[in-house]
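Structure, as structure tokens:
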Amino acid sequence: MSNRSLYFVTSNKHKFHEAKDILENYNIKLRMVNRKIEEIQSDDLRKIALHSLKSAFTINKFPMIVEDAGLFIKALNGFPGPYSSYVYKTLGSDGIIKLMIGKDDRDAEFRSVVAFSNSSIIKTFKGIVKGKIAIKPRGKLGFGFDPLFVPRGSKRTFAEMVLEEKNKYSHRALALKKFIRWFVRNL
Ligand code: IMP
């Protein structure tokens, strides 16, 4: 078990609380730097995360993580994918439900890329959770597209789960656990 600390640069409190809950189990103290980083347009989450990390690191040089995530829906050819943030703001969950009318294939996945940097190293870690798009949004917890997504192995949407339960399944938790395994061994 380590006894370290690092910063999560994000403007999303939900993401921060999810990450903090996981890292605390490994005695890693996580602090939030509440900063909205201008994202680049790319169809590659890793490129977006790396760009955000580099922007954040030019301002503060402490050990930090950033994260980029998206919802990829099979019947919509991976839409909204890396554009999830924009699509959430413009179409919202109801818009996605409308696009899914008449689609029998409800398969989807959430993907996350966590990027870490200190003054000597940059590393990225991926997490993917497969699941289905619900017939209609369900639940009030969480954020973003949580009411739409039912992870494989559960009947509930992410928005019907408390944080600890979402963390058993989520893309972000999977990426963070990979990061932690590397972090405690190497730093
Ligand atoms: P970001 O660019 O990583 O902040 O995330 C893009 C968008 O994907 C967010 O605005 C959410 O709409 C959606 N998203 C990413 N991760 C999650 C999640 O864990 N639950 C629900 N929606 C998410």
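Quick notes
- When the strands (runs of 3 or more DSSP E) confined to segment 60-135 are screened for residues that are open to solvent by less than 60 Å² (accessible area, probe 1.4 Å) and at pLDDT below 95, none reaches at least 2 such residues.
- Members of segment 144-162 found to be part of a strand (DSSP E or B), more than 8 Å from the ligand (Cβ to nearest atom) and touching a Leu at 6+ places or on another chain (Cβ under 8 Å), listed by number: none
- Of residues in segment 3-16 being surrounded by 16 or more Cβ atoms within 10 Å (Cβ to Cβ) and within 14 Å of the ligand (Cβ to nearest atom), the one nearest to F110 (Cα to Cα): K15
- The listed residue being in contact with a strand residue (DSSP E or B) (Cβ under 9 Å, 6 or more places away or on another chain), within 30 Å of N60 (Cβ to Cβ) and within 12 Å of the ligand (Cβ to nearest atom), out of F183, F110, F116, F72: F110
- Subset of segment 151-182 (residues that are crowded, with 22+ Cβ neighbours inside 10 Å and over 15 Å from the mean Cα position of the chain (by Cα)): T157
- Total residues in segment 139-150, condition buried (at least 17 other Cβ atoms within 10 Å of the Cβ) and either more than 17 Å from S170 (Cα to Cα) or in contact with a His (Cβ under 7 Å, 6 or more places away or on another chain) (or both): 1
- Applying the condition of being in contact with a strand residue (DSSP E or B) (Cβ under 8 Å, 6 or more places away or on another chain), more than 9 Å from the ligand (Cβ to nearest atom) and within 18 Å of R172 (Cα to Cα) to segment 35-51 and asking which residue is least open to solvent (accessible area, probe 1.4 Å) yields L50.
- You will find that of K29, K89, K20, the residue that is under 14 Å from the mean Cα position of the chain (by Cα) and under 27 Å from E164 (Cα atoms) is K20 and no other.
- Of the residues screened, L50 is not one that is among the aliphatic types (A, V, I, L, M), part of a strand (DSSP E or B) and in contact (Cβ under 8 Å) with a residue 12 or more places away in the chain.
- Per-region count, segment 17-34, residues in contact (Cβ under 8 Å) with a residue 40 or more places away in the chain, charged (D, E, K, R) and more than 12 Å from the ligand (Cβ to nearest atom): 1
The values are calculated or read from the model by the stated rules, or taken from the named source; none is laboratory data. Bear in mind the structure is a predicted one, so any value in this text is a computation, not a measurement. As a convention, Cβ positions derive from the backbone with ideal geometry for all residues, glycine included, and neighbour counts pool all protein chains shown. Only protein heavy atoms, including side chains, enter the accessible area calculation; ligands, DNA and RNA are left aside. Shrake-Rupley method; radii C 1.70, N 1.55, O 1.52, S 1.80 Å.
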